[in-house]
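The values are calculated or read from the model by the stated rules, or taken from the named source; none is laboratory data. Quick caveat: nothing in here was measured; it's all calculated off a predicted structure. With ideal geometry, Cβ positions are generated from the backbone for all residues, glycine too; neighbour counts draw on all protein chains shown.
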Ligand code: SF4
């Protein structure tokens, strides 16, 4: 039964999900209203530009969207397969509002079922800005009063991580953003749909998984501390100043990054 589901899934991805993946690659949007500037982006836009290359911001603002790479398509397939596997093998019960509000209650949400929204205001000399970052969380749970966000990275070459002792900056920014967001069970801008998960501490987990087996190969994890919170806040502020043209992007001067970049063919700053 499980085997059939996987086959159906792969076929449907090959036929039409390429276009869904392409359309899901969002763009950074700025909307200047009379008193406030609204800056909207996905969590991955934010994490990728601040954690990988700041020159992605002006390209996104110009409407440049990369074609889904084979690695992204394979990763999306692996995520879907994990979702199906969990649906077939794990029995999840509905949770009540009372359970959500009780921080002593252990809760685990189904994979890919929770949307995140982080809203952060900034006052700059010439404008007030509201940054909104939207995303969807691979896995979120509360255990022993700890809010845990887990993000899975599926890679064809997990051994590349053998020598790494820390996750990449973009991976860390992504989970920190989720950990400091409001949550909802649907994609929504209505604050009434948002809920919080009371907790005593926050923990992130980044699982580097083998794309073939979908098994975790290496896990980075940590409890959010004040340094990470400062890192997130200063990155959000820099993201806003770069997006609004208040500051210029800084170049990483890494040819390896440009060679690996999905926007290389569109970028005048590639090296
Ligand atoms: S090609 Fe290089 S400079 Fe341009 S966006 Fe990509 S990583 Fe940045």
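Observations on the model:
- Flag if residue 91 is at pLDDT below 95, away from the ligand (no atom under 16 Å from the Cβ) and surrounded by 13 or more Cβ atoms within 10 Å (Cβ to Cβ): no
- Filtering segment 164-196 to residues that are in a loop (DSSP other than H, G, I, E, B), surrounded by fewer than 18 Cβ atoms within 10 Å (Cβ to Cβ), touching a helix residue (DSSP H, G or I) at 6+ places or on another chain (Cβ under 7 Å) and modelled with pLDDT of 95 or more leaves only 168.
- Residue 227 being under 30 Å from residue 96 (Cα atoms), away from the ligand (no atom under 16 Å from the Cβ), surrounded by fewer than 17 Cβ atoms within 10 Å (Cβ to Cβ) and modelled with pLDDT of 95 or more: no
- Residue match in segment 144-164 (condition: under 19 Å from the mean Cα position of the chain (by Cα) and more than 17 Å from residue 216 (Cβ to Cβ)): yes
- Exclusive hit being more than 25 Å from residue 164 (Cα to Cα) and without any contact (Cβ under 8 Å) to a residue 12 or more places away in the chain, set 225, 193: 193
So that you can scan it fast, the table gives a plain yes or no per residue for (1) assigned to a helix (DSSP H, G or I); (2) within 16 Å of the ligand (Cβ to nearest atom); (3) at pLDDT below 90:
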position: 34; (1), (2), (3): no, no, yes
position: 39; (1), (2), (3): no, no, no
position: 47; (1), (2), (3): yes, yes, no
position: 54; (1), (2), (3): no, yes, no
position: 59; (1), (2), (3): yes, yes, no
position: 66; (1), (2), (3): no, yes, yes
position: 76; (1), (2), (3): yes, no, yes
position: 79; (1), (2), (3): yes, no, yes
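- Counting the residues of segment 246-271 that are more than 29 Å from residue 129 (Cα to Cα), assigned to a loop (DSSP other than H, G, I, E, B) and more than 8 Å from the ligand (Cβ to nearest atom) gives 1.
- Residue within segment 237-245 that is farther than 30 Å from residue 123 by Cα, surrounded by fewer than 16 Cβ atoms within 10 Å (Cβ to Cβ), away from the ligand (no atom under 16 Å from the Cβ) and over 17 Å from the mean Cα position of the chain (by Cα) present: no
- Pairs with Cβ under 6 Å, 6+ apart, first in segment 73-84 and surrounded by fewer than 17 Cβ atoms within 10 Å (Cβ to Cβ), second assigned to a helix (DSSP H, G or I): 84/5
- Breaking point among (1) at pLDDT 95 or above; (2) surrounded by fewer than 19 Cβ atoms within 10 Å (Cβ to Cβ), for residue 126: (1)
- Of all the numbered requirements in (1) within 16 Å of the ligand (Cβ to nearest atom); (2) under 25 Å from residue 187 (Cα atoms); (3) at pLDDT 95 or above, residue 25 misses one, and that requirement is (3).
- Meets criteria (closer than 17 Å to residue 56 by Cβ, away from the ligand (no atom under 16 Å from the Cβ) and surrounded by fewer than 19 Cβ atoms within 10 Å (Cβ to Cβ)) for residue 222: no
- Selection status of residue 213, over 30 Å from residue 55 (Cβ atoms), at pLDDT below 95, surrounded by fewer than 18 Cβ atoms within 10 Å (Cβ to Cβ) and within 18 Å of the chain's Cα centre (by Cα): no
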